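The values are calculated or read from the model by the stated rules, or taken from the named source; none is laboratory data. Quick caveat: nothing in here was measured; it's all calculated off a predicted structure. Heads up, the Cβs are rebuilt from the backbone with ideal geometry, glycines too, and the neighbour counts pull from every protein chain shown. The accessibility values were calculated without ligands, DNA or RNA, using every heavy atom of the protein model including side chains. Shrake-Rupley method; radii C 1.70, N 1.55, O 1.52, S 1.80 Å.
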Amino acid sequence: MNLVFSFLAGLLTTLSPCVLPVLPFITASSMSRSRLGPAYLCLGLLLSFVGVSLLVSTTGMILGVEPGTIRKISGLLLMLSGLLFLSQPLADWLSEKLSFISAKANRLGQVQPKKGFIGEFIGGILLGAVWTPCSGPSLGAALGLASQEGNLLKSAVVLIVFGIGAVLPLLMFAYGAKR
């Protein structure tokens, strides 16, 4: 069930009000450069989500925090994530407070290589940094699920499934719009 919930949380990131409106621009730009551009962009995005999420979810193990404490913190984060889904003003406030991350990633994105698969891949990694504040509630849910696994490999699988759920709509939009 954790995998199903993680996948659904990934899908929900696409419905975020600060992600959904930019999808056409991201996919059109990526598709205009190469037929495989969106695939490399999504691979970079997936790697970004999984890498950052694994770092966050394993911090407790590295610091020697008890699994019970991690579960309690995860539960609290999950409840706070639910509040963000229920309260648009609260979600807007959090997005505003975390917007500096997006601004820095946007500045970095302006110096990225614009051509080739490496450029698309790097763009996907940077997109993950920009996307993270907007996907806070669903990413928080996925992190909670991953940290409950208690095993690095199982946590990674949960986060990869989340990432697949997050990039699947992007790929469907890119290649569906092309047709």
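General remarks:
- Computed on protein heavy atoms with a 1.4 Å probe, the accessible areas place Met31, Met79 in the order Met79, Met31, largest first.
- From phi via Karplus (6.51, -1.76, 1.60), per-residue ³J(HN,Hα) for region 27-38 in Hz, x at Gly/Pro: 5, 5, 5, 5, 5, 5, 7, 6, 5, 9, x, x
- Net charge in the neighbourhood of Cys18 (other residues with Cβ under 11 Å of its Cβ; Lys, Arg +1, Asp, Glu -1) is -2.
- A simple packing score, the average count of other Cβ atoms within 10 Å per residue, orders the peptides 43-52, 88-97 as 43-52, 88-97, with the highest score first.
- Residues Ala28 and Leu168, FRET efficiency given R0 of 22 Å [Cβ-Cβ distance, rounded to 0.05]: 0.75
- Linear extension gain, Asn151 paired with Ser99, 0.36 nm per residue minus alpha-carbon span: 15.5 nm
- ³J(HN,Hα) computed for each position of region 18-26 - Karplus, 6.51 cos²θ - 1.76 cosθ + 1.60, integer Hz, glycine/proline x: 9, 9, 3, x, 8, 4, x, 5, 5
- Each peptide in 1-13, 153-165, 18-30 receives the mean, over its residues, of other Cβ atoms within 10 Å, and ordering these scores from highest gives 153-165, 1-13, 18-30.
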